[in-house]
Amino acid sequence: MERSLHTDLRLDRIAAHIGYSPYHLHRSFTRTFGLTPHAYVRRRRLTEAARALVNTSEPVLGIALRHGFGGQQSFTHAFSSHYGISPAAWRRAKRFFPLLMPYRFDASEWELCRRGPGHLEITDRAGSDLLLPLSLAAVDMLPALDPHRHTTALRQKLDARHVVLAHHEGQDAAAMIVHPATGHIEYLAVHPLLRTSSILSALVESAARDYPRLSVTTFREGDRADLGHRRALLALGFRPAPLRVEFGYPTQLLELEPPGASQ
């Protein structure tokens, strides 16, 4: 799919190329990655188009057509829905962040998926050099990720924060960084191959044992860039709190009350 990202990538054509039925491909892809093939292609195309808007002077129409969109109007609508601003405004801002990075996983990452969360070790130690690859793989969970600023922030926070890291033989599966004074989750990432597992619940349960009230910032309701992360947090008991803007991106605070707090 990545090699043919800018060609006709209808589901029936992809399925025929790999010898699957469209139904089986759609079902298997969605079960494994937590998003549909169509959503993957759309987000990857928009990410590469966003990169081209910042790094080239190519006309918007040319970028739209080269990245698989039928015209400038359909491209502008899709881009604005996912990035929150128009392609022209994005180009003027000269700031890039991805919606989704390519799904290219090595053997150790597929082993995470095969073994499942029951074989993961949870520890409280991690370095920024280990968390950055996880951040890039899970970039869709981290609104407006700038890798350089993100790495700098991680290095500043790790020594003074509570880290909860799930891994298997050195391969990170999920991680959480909690501010010890407030219980605010400042970083939360889950590897794409484990999105449909119970690992997110396990991280939250582990942190909740140490902090009476947890909070986390996530996408606002209705944000097209959200692949379901807000819904997953709400399912764990987090409740909507004040709206925020972080790094120029509209977000919302969610808070987890301890059992019985609302009674």
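The values are calculated or read from the model by the stated rules, or taken from the named source; none is laboratory data. Keep in mind that what you see is a predicted model, and the values were worked out from it rather than measured. When we count neighbours, we look across all protein chains shown, and the Cβ atoms used for this are built from the backbone with ideal geometry, even at glycine. Side chains are part of the model used for accessible areas, which takes the heavy atoms of the whole protein and leaves out ligands, DNA and RNA. Shrake-Rupley method; radii C 1.70, N 1.55, O 1.52, S 1.80 Å.
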Q: Would you compute, from DSSP H runs of 4+ residues alone, the mean residue ellipticity of the chain at 222 nm, taking -39500 (n - 2.57) per run and dividing by the full residue count, rounded to the nearest 500?
A: -12500 deg cm²/dmol
Q | Among ARG43, ARG13, ARG91, residue whose mean-square fluctuation peaks in a GNM of the chain (springs only between Cα atoms under 10 Å) | A | ARG13
Q: Could you pull the accessible area for HIS162 with a 1.4 Å probe, rounded to 10 Å²?
A: 40 Å²
Q | Heavy atoms of VAL245: accessible area, 1.4 Å probe, square angstrom to 10 | A | 100 Å²
Q | Mean projected area in nm² (Cα convex hull; one quarter of hull surface) for the chain | A | 15.0 nm²
Q: Would you mind listing how long region 1-93 runs along its three principal axes, going by Cα atoms, in whole Å with the largest first?
A: 43, 22, 21
(Q) Just to confirm my numbers, what's the Cα centroid distance between region 1-53 and region 123-179 in Å? (A) 27 Å
Q.
Once neighbouring chains are kept in place and the probe is 1.4 Å, which whole percent of the accessible area of the chain is contributed by carbon and sulfur?
A. 52 percent
Q | Built amide H within the under 5 Å cut-off of TYR187, gap 5+ | A | ILE177
Q: Would you please classify the overall shape of region 66-188 from the alpha carbon gyration tensor, given that a ≥ b ≥ c denote the square roots of the eigenvalues, rounded means a/c under 1.5, and beyond that prolate means a/b larger than b/c while oblate covers the rest?
A: oblate
**Q.** Exposed-loop-free span, longest in the chain, where GluC sites (Glu not before Pro) count as exposed if DSSP calls them loop and at most 12 other C-beta atoms lie within 10 Å
**A.** 3-168
Q) Which one of ILE122, ILE14, ILE177 has the biggest mean-square fluctuation once the chain is modelled by GNM with Cα springs under 10 Å? A) ILE14
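Taking the Cα centre of the chain as the origin, how large is its charge dipole in debye, to the nearest 20, when only Lys and Arg (+1) and Asp and Glu (-1) carry charge on their Cβ atoms?
840 debye
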Q) So between ARG125 and THR32, what do we pick up on full extension, going 0.36 nm a residue minus the alpha carbon distance? A) 30.7 nm
Q: Give me the accessible area per residue for the chain, probe 1.4 Å, as a whole number in Å².
A: 51 Å²
Q.
How large is the accessible surface of LYS94 in square angstrom, using a 1.4 angstrom probe and rounding to the nearest 10?
A. 150 Å²
Q.
Using Stokes-Einstein with the Kirkwood hydrodynamic radius over Cα pairs, what translational diffusion coefficient do you get for region 92-150 at 25 °C and a viscosity of 0.890 mPa s, in µm²/s rounded to a whole number?
A. 181 µm²/s
Q: Enumerate the amide H contacts of ALA173 below 5 Å, restricted to partners 5 or more residues apart or on another chain; note that Pro and chain-start residues carry no placed amide H.
A: ALA166, HIS167, HIS168
Q) According to the square roots a ≥ b ≥ c of the eigenvalues of the Cα gyration tensor, what is the shape class of region 142-263, taking rounded for a/c under 1.5, prolate for a/b larger than b/c otherwise, and oblate for the remainder? A) rounded
Q: Using a cut-off of 9 Å between beta-carbons, work out the net charge of the residues near GLY84 (Lys and Arg +1, Asp and Glu -1, GLY84 not included).
A: 0
Q | Cα gyration tensor, region 1-45 - rounded (a/c under 1.5), prolate or oblate | A | oblate
